Structures are given as structure tokens and as C-alpha cells.
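Quick notes on the structure that follows.
Bear in mind that the values in this text are calculations on the coordinates, not laboratory data. Everything quoted here is computed from the prediction, not taken from an experiment. Cβ atoms come from the backbone with ideal geometry, glycine included; neighbour counts cover every protein chain shown.
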Amino acid sequence: MGILSDGQIRSSIVIEPKAEGVHRPGLVSYGVTSYGYDVRVGRKFKVFTNIFSPVVDPKKFDPHSFVDIEGDHCVIPPNSFALAETVEYFEIPRDVLAICVGKSTYARCGIIVNVTPLEPEWKGRITIEISNTAPLPAKIYANEGIAQILFLRAERVCEVSYADKGGKYQDQKGLTLPFVKG
């Protein structure tokens, strides 16, 4: 933690386990970057299927819309998507907003990564949506880089944080499917 000039406390971003951004031959890069962190996905994936559900409804999401896969890689069918969870656990300070963007290695294969912003004081492992926009199946590698998290530090802490709001995805356990609080 550090002190800002106006007396505010500046806290540190927690990333566990945190990897240095070193060259790893034969792997999609991960670890510390200039202004962010390249995250990895673990070995558990939920691959979307339209076999059991004719509609995707975030208010009544049917867990049968996914097939569970565990392994060193996952193949996502054409024009489909999968959910995965980061290896890394994050704690975002009250004066930081984190934004997720895809890595160019996968983007050049038609893979789009989507994560909503990590709001101030959000904590947990990140559930990542990986879309295959290609007309061919796409292979995603576990324990290798999938996306980059960019950290933006504000001049002062936010008035209302994700923790203050009691955010529904706070400290989520495992791959978390969409839901709407009642």
C-alpha cells in the first residue's frame, strides 16, 4: 500500500499465483506485462451446445446448454463459445478498474475473448467467455495465456465499489454461469 499526495491510501493489485512475463518457448505468453497481466485459463471448460435449449436466456439460464470438458486443451466448435476460469485469483483495489482484451495470437485465429470490466474491489477468479468466430473448430490451451487484463488507476477512490453494491459475481467459486438476482 502507498499514500497519495492528498492522503488517500493506494492499495496494491493482488494476483495469485503471479507469473513473471518471461519468454516460454512453445507456449502462448502469460504473466506480467507493461501495464497489465496476461491471464491463463485452467483445465475446466464449459462448451456451449444448442442440443438441449432452443433459447439462451440470462434470466433462466439452462445449465444443460453447456458440455463440461476437462483437459490440457479444449476444442470450440465453429461459431460457438466456451466458458473458462482463470488460473489467477485477483483482488482489485478501490482505486483501480481492470479491462480485459484478447491476445493477438488467438485473435488472429478468429477467437474473441470477452470479460466485463473488473470493477473496483471485485475479487475472485475470472470467468472468461471465449468465442470462436471461425468456420472451423478452434483449439484453446489450458495453463497458457488467453487474454490481457489492463489496469487503470483513478486519481481517487470510487464512491461505490463492487463490494459496496454486493456484486453477484463477487468471489465466485468455479466457472459461474449467468444469473439475475431476485
### Query
What is the gain in length, in nm to one decimal, between VAL101 and LYS59 on full extension, counting 0.36 nm per residue of separation less the C-alpha to C-alpha distance?
12.5 nm
### Task
With a point put 7 Å past each Cα toward its Cβ, work out how far TYR169 is from GLU70 in nm, to one decimal.
2.4 nm
### Task
May I ask you to list the lysines whose Cα is less than 18 Å away from that of LYS46, ignoring any residue fewer than eight positions away on the same chain?
LYS60, LYS139, LYS173
### Task
Could you size up the charge dipole of the chain around its Cα centre, putting +1 on the beta carbon of Lys and Arg and -1 on that of Asp and Glu, and report it in debye to the nearest 20?
260 debye
### Message
Which order do the peptides 127-134, 166-173 come out in when sorted by mean C-beta neighbours inside 10 angstrom, highest first?
### Response
127-134, 166-173
### Task
Treating the Cα atoms of the chain as identical point scatterers in vacuum, please give the log10 of the normalised Debye intensity I(q)/I(0) at q = 0.08, 0.14, 0.20 Å⁻¹, two decimals.
-0.28, -0.80, -1.41
### Task
Please tell me the relative contact order of the chain in percent, rounded to the nearest whole number, where contacts are Cα pairs under 8 Å and at least six residues apart.
27 percent
### Query
How high is the FRET efficiency between VAL180 and ILE112 when r is their beta carbon distance and R₀ equals 25 Å, given to the nearest 0.05?
0.55
### Summary
Here the gain from full extension of CYS158 to GLU20, 0.36 nm per residue of separation minus their alpha-carbon distance, amounts to 46.8 nm
### Query
Between ALA154 and residues 5 or more places away or on another chain, which pairs have amide H atoms under 5 Å apart, with H built 1.01 Å from N, and which residues are they?
VAL96, LEU97
